[in-house]
Amino acid sequence: MRGLMQDTPLTVDAIFRHVEQHYGDGTIVTNNPGGITRVTYAEWAQRTRKLGDVLNTLGISSDGRVGTFGWNSQRHLELYFAAPSTGRVLHTLNVRLFPEQLTYIANHAEDEVVFVDRSVLGILWPLIDTMTTVRQVVVMDDGADTEIPDDARILDYETLLADAEPIDFHVEDETLAASMCYTSGTTGNPKGVVYSHRSTFLHTMGVLMPNAFGLGVNDVAMPVVPMFHANAWGIAQAAPAAGASLVMPGAMMQPENLAKLIVDEGVTFTAGVPTIWQGVLPHLAGRPHTLRTIGCGGSAVPKALSEAYREQVGLPILQAWGMTETHPVASSAILPQRFQDADDETQATQRARAGIPFLGVEARIVDSDTLEPQPWDDKATGELQVRGPWCAKDYYNPDAGVELTTEDGWMKTGDVAAMDSFGSIRIADRTKDLIKSGGEWISSVDLENAIMSHPAVKEAAVIGIPHPKWDERPLACVVVREGESVTAEQVLEHLQPLVAKWWMPEAVEFIDEVPKTSVGKFSKKDLRTMFAEYELSS
Ligand code: ADP
């Protein structure tokens with residue numbers, strides 16, 4: 001017997017219509033170099049319909065890739081909805097990538113047009129002749145004083161919009177591509193992930209749930225995670241869908257500007273990678289605010305950072321786990337009932353996990369070669385694999401040899417994790433970052449966490465260095481807080497009660513800064529290059 005319910009498609013334009021019809025009074029604030037701008041969702045919706053007309057007039061193919069090169073802004077949000085709602089595929093380019101990577105990605109995706117913020121036009125324009133499929137560049141003037149070249153390919157966003165008429169949106173097939181996003185390339189070449197309308201709709205509902213971001217009409221959401229990084233973790237769709245107002249930091253990403261926006265605009269929900277919150281902390285500590293949730297993920301959230309927020313800002317950080325390949329959010333470390341009354345230390349330890357998968361995502365840990373399931377005892381580790389309607393099946397035209405899915409249909413994450421008896425995930429490391437010492441694995445993440453709990457340590461990253469006897473041994477690269485001092489011996493002394501003896505770093509090196517990736521994560525790849533010639537003395 002079949003179910004007898006309707007089969008209406010789950011599409012991005014369905015989200016759009018919901019916002020337009022019911023939440024026209026919500027607002028979008030953007031902090032531009034030219035000053036703060038404000039519009040209502042009603043105004044935004046009208047402009048988004050006009051933008052659909054612009055895409056038609058520009059002659060973008062019916063499923064053409066619409067590139068964007070910009071910060072989090074109201075205009076970027078117009079593109080987020082107009083491109084997929086007219087059947088095109090939104091392709092967000094990461095403004096912090098190296099030129100060769102940008103060229104590679106734009107050509108691989110076959111972008112036909114790129115919409116670019118004026119403040120980053122100077123990065124994109126020199127590459128334009130290398131992007132072989134791009135015919136037009138539409139400049140979104142954010143008030144920056146970047147010179148706009150005199151070239152027939154360059155068009156002005158507001159002029160195009162002023163000449164356009166609002167159009168209807170109707171995508172019938174929910175399995176069509178809505179947007180695409182390349183992994184930022186912490187490991188290997190960037191790989192294209194293609195989100196469908198259906199996966200976008202379901203991911204939006206997933207992150208809206210109370211155990212995830214729990215957004216509602218009373219929220220003012222500020223995605224600090226860029227719209228060019230893994231879909232801004234779905235907040236750009238989820239906040240409007242819930243009728244929550246949005247605060248967009250634009251090009252003004254400096255920590256003091258972010259803290260000011262949080263305070264001045266009454267932000268209740270925000271999210272970004274750990275290095276962002278590390279930087280914002282001193283600017284927010286002790287100030288009155290309305291925050292209820294600070295979401296954080298993309299790499300392990302140090303327990304010490306979450307605790308510093310609890311003590312100095314009044315709320316701990318909510319850790320979430322995911323990947324570009326999972327849309328990207330798949331689990332969160334929300335405290336289950338059994339920990340609600342636990343002491344501070346126990347709760348802090350729970351918050352340091354990747355947590356419980358959202359309804360819609362299933363997770364398992366297995367031996368990556370044999371696919372043998374590993375016990376859920378919080379000790380045994382294995383490759384974390386996931387499946388669900390917002391997990392990717394395959395990459396877009398992948399290089400030969402790249403396979404995302406196992407024979408039995410689970411997505412390989414490349415993360416190594418343990419799970420407790422309730423199926424709460426604890427990420428041990430990325431497969432590539434684990435340190436193999438004497439045939440056993442050392443988790444660089446656990447070591448970093450332990451080192452960063454030293455009050456004088458600002459940042460710590462641990463990499464494996466080749467060792468004649470043990471294969472590899474850990475090298476701790478430590479950044480000391482301004483005005484503080486600490487010696488290698490003191491770091492090791494601090495670690496002694498916290499980690500197993502054979503985990504102790506072989507050496508501690510002090511560096512000015514841990515190199516970061518284009519999305520602000522620790523770049524172990526760069527760190528390994530920095531210490532390529534390093535020789536351990538023992
Ligand atoms: P990239 O692979 O270029 O870094 P992603 O942003 O897709 O791009 O990164 C996904 C990876 O980030 C995950 O596979 C995982 O290793 C790491 N990650 C994400 N969230 C967490 C978390 N909460 N704890 C530990 N690692 C995380």
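Restricting to segment 308-344, what's the tally of residues that are within 16 Å of the ligand (Cβ to nearest atom) and either touching a residue at least 24 places away in the same chain (Cβ under 8 Å) or closer than 27 Å to V193 by Cβ (or both)?
20
Kindly indicate whether D150 is part of a loop (DSSP other than H, G, I, E, B), open to solvent by 10 Å² or more (accessible area, probe 1.4 Å) and more than 30 Å from A14 (Cα to Cα).
yes
Of the residues that make up segment 410-424, is at least one over 25 Å from L527 (Cβ atoms), surrounded by 15 or more Cβ atoms within 10 Å (Cβ to Cβ) and within 12 Å of the ligand (Cβ to nearest atom)?
The answer is yes, given that some residue of segment 410-424 is over 25 Å from L527 (Cβ atoms), surrounded by 15 or more Cβ atoms within 10 Å (Cβ to Cβ) and within 12 Å of the ligand (Cβ to nearest atom).
Where in segment 1-86 are there strands (runs of 3 or more DSSP E), lying wholly inside it, with at least 1 residues that are outside the structural domain of C181 (by TED's automatic domain parsing) and closer than 27 Å to A106 by Cβ?
Strands (runs of 3 or more DSSP E) meeting the threshold: 27-32.
In contact with an Asp or Glu (Cβ under 9 Å, 6 or more places away or on another chain) and free of Cβ contacts under 8 Å to residues at least 40 places away in the same chain: which single residue out of H289, H283 fits that description?
H283
Have a look at A271, A238 and point out the one that is of a type in the set (G, A, S), buried (at least 23 other Cβ atoms within 10 Å of the Cβ), farther than 27 Å from D433 by Cα and free of Cβ contacts under 8 Å to residues at least 60 places away in the same chain.
Answer to the selection: A238.
Would segment 371-378 turn up any residue that is more than 16 Å from the ligand (Cβ to nearest atom), within 27 Å of N189 (Cα to Cα), open to solvent by 30 Å² or more (accessible area, probe 1.4 Å) and aliphatic (A, V, I, L, M)?
Yes, segment 371-378 contains a residue that is more than 16 Å from the ligand (Cβ to nearest atom), within 27 Å of N189 (Cα to Cα), open to solvent by 30 Å² or more (accessible area, probe 1.4 Å) and aliphatic (A, V, I, L, M).
Filter segment 446-463 for residues that are within 15 Å of the ligand (Cβ to nearest atom) and either at pLDDT below 90 or open to solvent by 40 Å² or more (accessible area, probe 1.4 Å) (or both) and give the result.
D446
If G206 satisfies every condition in (1) exposed (fewer than 15 other Cβ atoms within 10 Å of the Cβ); (2) within 16 Å of the ligand (Cβ to nearest atom) but one, which is the exception?
(1)
Look at W441 and say whether it is surrounded by 13 or more Cβ atoms within 10 Å (Cβ to Cβ), closer than 26 Å to M452 by Cβ and out of contact with any Phe, Trp or Tyr (no Cβ under 7 Å at 6 or more places or on another chain).
Answer is yes for this residue.
Condition check: surrounded by fewer than 22 Cβ atoms within 10 Å (Cβ to Cβ) and hydroxyl-bearing (S, T, Y). Does T40 satisfy that?
Yes.
Taking the condition modelled with pLDDT of 95 or more, touching a strand residue (DSSP E or B) at 6+ places or on another chain (Cβ under 7 Å) and either open to solvent by less than 50 Å² (accessible area, probe 1.4 Å) or not assigned by TED's automatic domain parsing to the domain that holds S453 (or both), does T346 pass?
So T346 does not fit the description; no.
Report the residue count in segment 465-485 for those that are open to solvent by 20 Å² or more (accessible area, probe 1.4 Å) and either farther than 27 Å from E440 by Cβ or among the small types (G, A, S) (or both).
Looking only at that region, the number is 6.
Here's a check for you: in segment 512-538, which residue that is of a type in the set (V, I, T) and open to solvent by 20 Å² or more (accessible area, probe 1.4 Å) is modelled with the lowest pLDDT? Walk me through how you get there before you give the answer.
Restricting attention to segment 512-538, the residues satisfying the condition of being of a type in the set (V, I, T) are 514, 517, 519, 529.
When the remaining residues are screened for being open to solvent by 20 Å² or more (accessible area, probe 1.4 Å), the result is 517, 529.
Values: T517: 87, T529: 91.
Taking the candidates together, the pick is T517.
Of all the residues that make up segment 20-39, how many are within 24 Å of the chain's Cα centre (by Cα) and aliphatic (A, V, I, L, M)?
Summing the residues that are within 24 Å of the chain's Cα centre (by Cα) and aliphatic (A, V, I, L, M) in segment 20-39 gives 2.
All but one of (1) part of a loop (DSSP other than H, G, I, E, B); (2) touching a helix residue (DSSP H, G or I) at 6+ places or on another chain (Cβ under 6 Å); (3) without any contact (Cβ under 8 Å) to a residue 40 or more places away in the chain hold for A300; state the number of the condition that does not hold.
(3)
Cβ-Cβ under 6 Å, sequence separation 6+ or interchain: first residue in segment 249-268 and over 15 Å from G34 (Cβ atoms), partner of a type in the set (K, R). Which pairs?
Hits for this filter: V263/R287; T268/R292.
Looking at this structure, is T326 hydroxyl-bearing (S, T, Y), surrounded by 24 or more Cβ atoms within 10 Å (Cβ to Cβ) and either under 15 Å from the mean Cα position of the chain (by Cα) or not assigned by TED's automatic domain parsing to the domain that holds V207 (or both)?
yes
Does segment 242-267 hold any residues that are buried (at least 21 other Cβ atoms within 10 Å of the Cβ) and closer than 24 Å to T204 by Cα, and which are they?
Once the filter is applied, which keeps residues that are buried (at least 21 other Cβ atoms within 10 Å of the Cβ) and closer than 24 Å to T204 by Cα, segment 242-267 yields A242, A244, S245, L246, V247, M248, P249, G250, I262, V267.
Let's see how each residue does on (1) in contact with a helix residue (DSSP H, G or I) (Cβ under 7 Å, 6 or more places away or on another chain); (2) open to solvent by less than 10 Å² (accessible area, probe 1.4 Å):
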{"position": "V138", "(1), (2)": "yes, yes"}
{"position": "D156", "(1), (2)": "no, no"}
{"position": "Y182", "(1), (2)": "yes, no"}
{"position": "K191", "(1), (2)": "no, no"}
{"position": "F201", "(1), (2)": "yes, no"}
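The values are calculated or read from the model by the stated rules, or taken from the named source; none is laboratory data. What you see is a predicted model, and the numbers here were worked out from it, not measured in a lab. Backbone-built Cβ (ideal geometry, glycine too); neighbour counts: all protein chains shown. Quick note on the areas: whole protein, heavy atoms, side chains included, nothing else; ligands and nucleic acids left out. Shrake-Rupley method; radii C 1.70, N 1.55, O 1.52, S 1.80 Å.
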